[in-house]
1. Of the residues that make up the range 11-19, is at least one open to solvent by 70 Å² or more (accessible area, probe 1.4 Å) and either of a type in the set (Ser, Thr, Tyr) or over 14 Å from Ile83 (Cβ atoms) (or both)?
2. Under 6 Å by Cβ, and 6 or more places apart or on different chains, what pairs join a residue from the range 109-131 that is within 18 Å of Glu192 (Cβ to Cβ) and outside any loop (DSSP other than H, G, I, E, B) with one that is of a type outside the set (Phe, Trp, Tyr) and open to solvent by 80 Å² or more (accessible area, probe 1.4 Å)?
3. Taking the condition of being at pLDDT 95 or above and either in contact with a helix residue (DSSP H, G or I) (Cβ under 7 Å, 6 or more places away or on another chain) or β-branched (Val, Ile, Thr) (or both), how many residues in the range 25-46 meet it?
4. Condition first: of a type in the set (Val, Ile, Thr) and farther than 18 Å from Val114 by Cα. Now tell me which residues in the range 161-193 satisfy that.
5. Within the range 67-102, which residues are within 10 Å of Val5 (Cβ to Cβ), open to solvent by 80 Å² or more (accessible area, probe 1.4 Å) and modelled with pLDDT under 90?
6. Considering (1) part of a strand (DSSP E or B); (2) modelled with pLDDT under 95; (3) open to solvent by less than 70 Å² (accessible area, probe 1.4 Å), say which one Arg22 fails and leave the rest.
7. Quick check on the range 2-25. Is at least one of its residues free of Cβ contacts under 8 Å to residues at least 40 places away in the same chain, out of contact with any strand residue (DSSP E or B) (no Cβ under 6 Å at 6 or more places or on another chain) and closer than 26 Å to Val155 by Cα?
8. What are the residue pairs meeting all of these: first residue in the range 162-178, first residue open to solvent by 50 Å² or more (accessible area, probe 1.4 Å), second residue part of a loop (DSSP other than H, G, I, E, B) and modelled with pLDDT of 90 or more, Cβ atoms under 6 Å, and 6 or more apart or on different chains?
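The values are calculated or read from the model by the stated rules, or taken from the named source; none is laboratory data. What you see is a predicted model; the values in this text were computed from it and never measured. Reconstructed Cβ throughout: ideal geometry from the backbone, glycine too, with neighbour counts over all protein chains shown. What goes into the accessible areas is simple: the full protein's heavy atoms, side chains included, and nothing from ligands, DNA or RNA. Shrake-Rupley method; radii C 1.70, N 1.55, O 1.52, S 1.80 Å.
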Amino acid sequence: MPRLVISLNAAMVKEVALGPGRTTIGRRPYNDIVLEHPTASGEHAVVQVAEGRIVIEDLGSTNGTYVNGVRIQRQEVVSNDIIEIGKYEAQYFDDDPVAPAEHAAGGRPARLRVLSGDAKNRTLQLTKPVITLGKRGGSVVSITRKRQGYQLAWVEGDLIPEVNGVSVADGPILLCHGDQVNIGSTQMIYEEE
């Protein structure tokens, strides 16, 4: 099934299946795909799926729409093309880029166990392709299921998260059983069953 995997600052924020017909993209809440960053126009672009073709069209946006680094007005896209809309990147796939849950993390279910803060002793099961944690203004992270396991990335905030004392400011980190994760003042441990 055709789909877009949308990232912001190298962290995956959502995956959207593209059905037949039009899919609108923009900052306003009535779009099919809402991109909240101010670099995306209110009505930025539209993706049209028809007769096995996927075409993206810019709707006169302020910052433009780019496919593989080239500004476009209207262009057909193929698998693995990168579409840029403001600060967002959307990679187009015509296959399934995310492994099924039973194959992620080596086939083992995974979770985060909270060690400190208001949610101490709670457990968060990692069952979705992307989970976002944290508070705006403090630290926000995404945990994304990949074929090789779960990857933690910094999305935004003043406090840079750490895995085993290593900052994730330079890019996402693949989590391993027993890793200690610090998001703001909250400490957690990543566990695989």
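1. Going through the range 11-19, the residues open to solvent by 70 Å² or more (accessible area, probe 1.4 Å) turn out to be none.
The answer is no; no qualifying residue exists.
2. Short answer, once both residue conditions are applied: Arg111/Gln125; Val114/Lys120; Val114/Arg122; Thr123/Arg113.
3. 2
4. Our first condition is that a residue be of a type in the set (Val, Ile, Thr); within the range 161-193, this holds for 163, 166, 168, 173, 181, 183, 186, 189.
Answer for the range 161-193, where residues must be of a type in the set (Val, Ile, Thr) and farther than 18 Å from Val114 by Cα: Val166, Val168, Ile173.
5. none
6. The failed condition is (3).
7. Looking for residues that are free of Cβ contacts under 8 Å to residues at least 40 places away in the same chain, out of contact with any strand residue (DSSP E or B) (no Cβ under 6 Å at 6 or more places or on another chain) and closer than 26 Å to Val155 by Cα, one finds none in the range 2-25, hence no.
8. Short answer, once both residue conditions are applied: Asn164/Asp179.
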